[in-house]
Amino acid sequence: MKNDAGSRVYDVLARAFWQESVRTCFALLGDANMNWAARLSAQGCRMVYVRHEHCALAAAMAYARKNRDVGVATVTCGPGVTQLITALPAAVRAHLPLVVFAGEAPLKSGWYNQEIDQAPLVTATGAAYHRLHMPERMPVAVRDAFLQARRERRPVVLGVPFDLQNRPWDGPADLPRPSHELLPRLAPMPPHPDDVASAARLIAGAERVVVLAGLGAVEAGAGPACRVLAEKTGGLLSTTLPARGLFHDDRFCIGISGSFTPEVGLELLAQADLVIAVGCSLAYHAGGGGQLWPKAKMLQVDIDPVAVSQGQEVARHHLRADARLGVEALSAALPPRKGGWRSDAMAARIRDTKPDSHVFEIEPGLLDPREVVEALEKALPRDWEMVNSSGHCSWFFAQMPSRPQEKFLTIREFGAIGNGISFAMGVAAARPDRTTVLFDGDGSLMMHVQELETIRRHGMNLLVIVMNDGAYGSEVHKLRSEGLPEDGSVFGYCDFAGIARGFGLAGRTFKKLDELPKLIAEFRAGGGAAVWDFHVSDKVVSPTIRRAHPHPAKK
Ligand SMILES: Cc1ncc(C[n+]2csc(CCOP(=O)(O)OP(=O)(O)O)c2C)c(N)n1
Ligand SMILES: [Mg+2]
């Protein structure tokens with residue numbers, strides 16, 4: 001049966017996306033996607049029109065993470081696609097399911113200004129690329145892209161030549177069944193009893209256990225089971241950075257494990273004799289490059305356990321299972337025991353030790369970034385969505401242990417700065433009824449500061465907190481430690497409050513912290529978007545940089 005009289009290929013493509021339950025799409029238009037985008041919008045999809053394609057994809061990444069669903073973005077052909085090349089590898093490495101509707105140059109032209117071979121660009125990042133050159137098959141190819149993105153948890157880019165999009169639709173009227181009707185419904189994987197028995201023996205022989213949870217534990221709902229296991233072993237709890245907050249209210253949680261470990265965590269991890277890593281990919285940074293727990297054996301509980309990760313031998317003991325089922329089975333297999341590591345004194349030390357107690361001389365009129373974070377941690381409402389960004393300042397912003405995991409998002413893969421504002425937009429789009437607060441560095445924010453306009457135009461409730469050290473802090477501290485000139489890393493304190501006002505947002509500069517609670521209460525009452533610029537000293541060096549790049553005098 002044929003119908004859709006008068007409809008074009010882009011109409012059917014838009015319907016195919018709508019049928020895939022796409023209700024938000026991050027977009028930047030050009031010749032090769034505007035017809036499709038207009039039709040998708042007409043179906044009822046919310047379009048978030050950003051000002052740089054990188055930001056469309058990065059926002060879709062955060063949206064996908066937050067909603068545990070496929071994120072969707074669209075860009076035009078050629079320069080629209082080349083702008084994605086920094087975000088795509090990050091999305092691949094963060095295992096984020098995304099579908100990108102990209103135009104392709106028209107097939108009919110012998111020459112086209114924006115033509116470039118898009119497939120190798122995209123596949124070099126690890127994302128999938130499909131050329132959609134057969135109109136009748138396009139709806140199935142769209143459905144399959146969603147299946148692939150979900151199954152492989154990576155971005156899938158669809159390149160559709162825009163002359164083909166403009167053709168009259170000549171295919172069947174009915175769309176194929178959408179991906180969510182076809183996905184296998186798989187129950188969580190239980191562990192094998194032999195693996196449980198040997199893992200339980202390993203645990204029974206350990207004195208100082210740390211249960212370390214990653215995003216896999218979050219996704220599997222393994223948080224409560226990890227708490228039970230830690231209690232049963234008399235052990236401590238920790239999380240990776242992205243899983244921060246999974247144990248925020250547990251007095252035996254020593255905070256983040258990895259580059260962002262607070263002082264007390266460093267001390268206690270160094271004494272651990274067994275780390276049980278639950279739902280962690282055991283990335284290089286999570287174990288501080290192998291330095292954090294030198295005495296500990298490692299037991300990994302994961303659906304896909306590994307021996308070597310990111311160039312390091314990480315775990316010799318493995319339990320293949322869904323994180324929750326695996327941890328529950330371990331707790332059930334362990335005999336009751338006394339002792340372990342826990343005590344009231346230990347809980348008090350965890351509670352009372354500052355993340356970093358190093359003393360720095362700070363210039364008058366500038367703030368200590370650690371005090372800024374302490375004040376924010378106290379004053380920010382518990383129900384705000386938090387987004388961490390990149391740079392040296394991210395060490396300080398990571399130190400907010402009282403915040404629950406479901407209100408926290410950070411994506412650090414591929415290590416690019418400049419993503420924070422897009423991630424915050426993605427979270428704001430995923431949680432429009434909430435306030436989102438972004439913690440960013442001045443250099444990172446400046447890289448995509450144009451998105452302040454998007455935030456205003458879309459009426460997002462979003463507070464941008466800038467830790468402004470007038471510099472690329474990561475670079476300045478490394479250059480200083482090498483005894484090199486600071487050129488190219490120190491820029492001075494630019495006026496973010498003025499920049500924000502120029503984009504139609506509220507802006508404020510902070511050189512003191514005493515009014516913070518009052519101003520937060522006012523912002524909460526008024527909503528909207530603002531940039532708050534905290535002028536901090538570049539004399540305060542994070543513990544991670546101090547360890548990796550000691551000052552020449554201390555080398
Ligand atoms: C796209 C990209 N360009 C350059 C870098 C190198 N880099 C890492 S951190 C950083 C400085 C970030 O400055 P800012 O956002 O102000 O944070 P700070 O380090 O000052 O706290 C730079 C340039 C990078 N990681 N990504
Ligand atoms: Mg900076």
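Read-outs throughout are calculated quantities, based only on the coordinates presented, and are distinct from any laboratory measurement. Because the structure is predicted, anything quoted here is derived from the model rather than measured. We place every Cβ from the backbone using ideal geometry, glycine too, and count neighbours over all the protein chains shown.
List of remarks:
Yes/no matrix, rows are residues, columns are (1) surrounded by 16 or more Cβ atoms within 10 Å (Cβ to Cβ); (2) over 17 Å from residue 455 (Cβ atoms):
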| position | (1), (2) |
| --- | --- |
| 503 | yes, no |
| 509 | yes, yes |
| 512 | no, yes |
| 542 | yes, yes |
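- Residue within segment 103-121 that is among the hydrophobic types (A, V, I, L, M, F, W, C) and either under 24 Å from residue 175 (Cα atoms) or under 21 Å from the mean Cα position of the chain (by Cα) (or both) present: no
- Some residue of segment 412-420 being among the hydrophobic types (A, V, I, L, M, F, W, C), within 16 Å of ligand 2 (Cβ to nearest atom), within 14 Å of the chain's Cα centre (by Cα) and over 19 Å from residue 258 (Cβ atoms): no
- Out of 374, 406, sole residue that is in a helix (DSSP H, G or I), more than 25 Å from residue 476 (Cβ to Cβ) and more than 16 Å from ligand 2 (Cβ to nearest atom): 406
- Residue 475 in contact with a His (Cβ under 9 Å, 6 or more places away or on another chain), surrounded by fewer than 24 Cβ atoms within 10 Å (Cβ to Cβ) and not in a loop (DSSP other than H, G, I, E, B): yes
- Residue in segment 195-215 that is buried (at least 21 other Cβ atoms within 10 Å of the Cβ) and under 19 Å from residue 67 (Cα atoms) present: yes
- Matching residues, segment 478-501, being closer than 18 Å to residue 541 by Cβ, charged (D, E, K, R) and not in a loop (DSSP other than H, G, I, E, B): 478, 480, 482
- For segment 520-541, the candidate set comprises residues that are touching a strand residue (DSSP E or B) at 6+ places or on another chain (Cβ under 7 Å) and among the aliphatic types (A, V, I, L, M); within that set, the residue that is farthest from ligand 2 (Cβ to nearest atom) is 529.
- Any hit, segment 385-400, residues being touching a strand residue (DSSP E or B) at 6+ places or on another chain (Cβ under 7 Å), within 29 Å of residue 66 (Cβ to Cβ) and more than 16 Å from ligand 1 (Cβ to nearest atom): yes
- Residue, farthest from ligand 2 (Cβ to nearest atom), within segment 434-454, restricted to residues that are among the charged types (D, E, K, R) and within 18 Å of residue 25 (Cα to Cα): 453
- Residue that is surrounded by the fewest Cβ atoms within 10 Å (Cβ to Cβ) [pool: residues in segment 478-497 that are in contact with a Ser or Thr (Cβ under 9 Å, 6 or more places away or on another chain) and closer than 30 Å to residue 429 by Cβ]: 495
- Among the residues of segment 421-436, those that are over 13 Å from the mean Cα position of the chain (by Cα) and either surrounded by fewer than 24 Cβ atoms within 10 Å (Cβ to Cβ) or part of a helix (DSSP H, G or I) (or both) comprise 428, 429, 430, 431, 432, 433, 434, 435.
- Selection within segment 8-38 - of a type in the set (Ser, Thr, Tyr), in contact with a Lys or Arg (Cβ under 8 Å, 6 or more places away or on another chain) and more than 13 Å from residue 160 (Cα to Cα): 24
- Within segment 92-101, one or more residues are closer than 24 Å to residue 135 by Cα, touching a residue at least 60 places away in the same chain (Cβ under 8 Å), among the hydrophobic types (A, V, I, L, M, F, W, C) and in contact with a Cys (Cβ under 9 Å, 6 or more places away or on another chain).
- Checked against the criterion of being part of a strand (DSSP E or B), away from ligand 1 (no atom under 12 Å from the Cβ) and either free of Cβ contacts under 8 Å to residues at least 24 places away in the same chain or under 22 Å from the mean Cα position of the chain (by Cα) (or both), the candidates 452, 463 yield just one match: 463.
- Meeting the requirement of 3 or more residues that are closer than 20 Å to residue 350 by Cα, the helices (runs of 4 or more DSSP H) wholly within segment 184-238 are 223-232.
- Considering residues of segment 386-401 that are of a type in the set (S, T, N, Q) and away from ligand 2 (no atom under 11 Å from the Cβ) only, the residue farthest from residue 463 (Cα to Cα): 399
- Screening 462, 452, 484, 479 for residues that are in contact with a strand residue (DSSP E or B) (Cβ under 6 Å, 6 or more places away or on another chain) and not hydroxyl-bearing (Ser, Thr, Tyr) leaves exactly one candidate, 462.
- Filter result for the condition that a residue is within 13 Å of ligand 1 (Cβ to nearest atom), on the phi > 0 side of the Ramachandran plot and out of contact with any Phe, Trp or Tyr (no Cβ under 7 Å at 6 or more places or on another chain), over 470, 483, 415, 504: 415
- Qualifying residue in segment 294-303 (condition: in contact with a strand residue (DSSP E or B) (Cβ under 8 Å, 6 or more places away or on another chain), touching a residue at least 12 places away in the same chain (Cβ under 8 Å), crowded, with 18+ Cβ neighbours inside 10 Å and of a type in the set (Asp, Glu)): yes
- Filter result for residue 386 (part of a helix (DSSP H, G or I) and surrounded by 13 or more Cβ atoms within 10 Å (Cβ to Cβ)): no
- When segment 151-183 is filtered for residues that are assigned to a helix (DSSP H, G or I), in contact (Cβ under 8 Å) with a residue 24 or more places away in the chain and under 15 Å from residue 19 (Cβ atoms), the ones remaining, listed by number, are 179, 180, 182.
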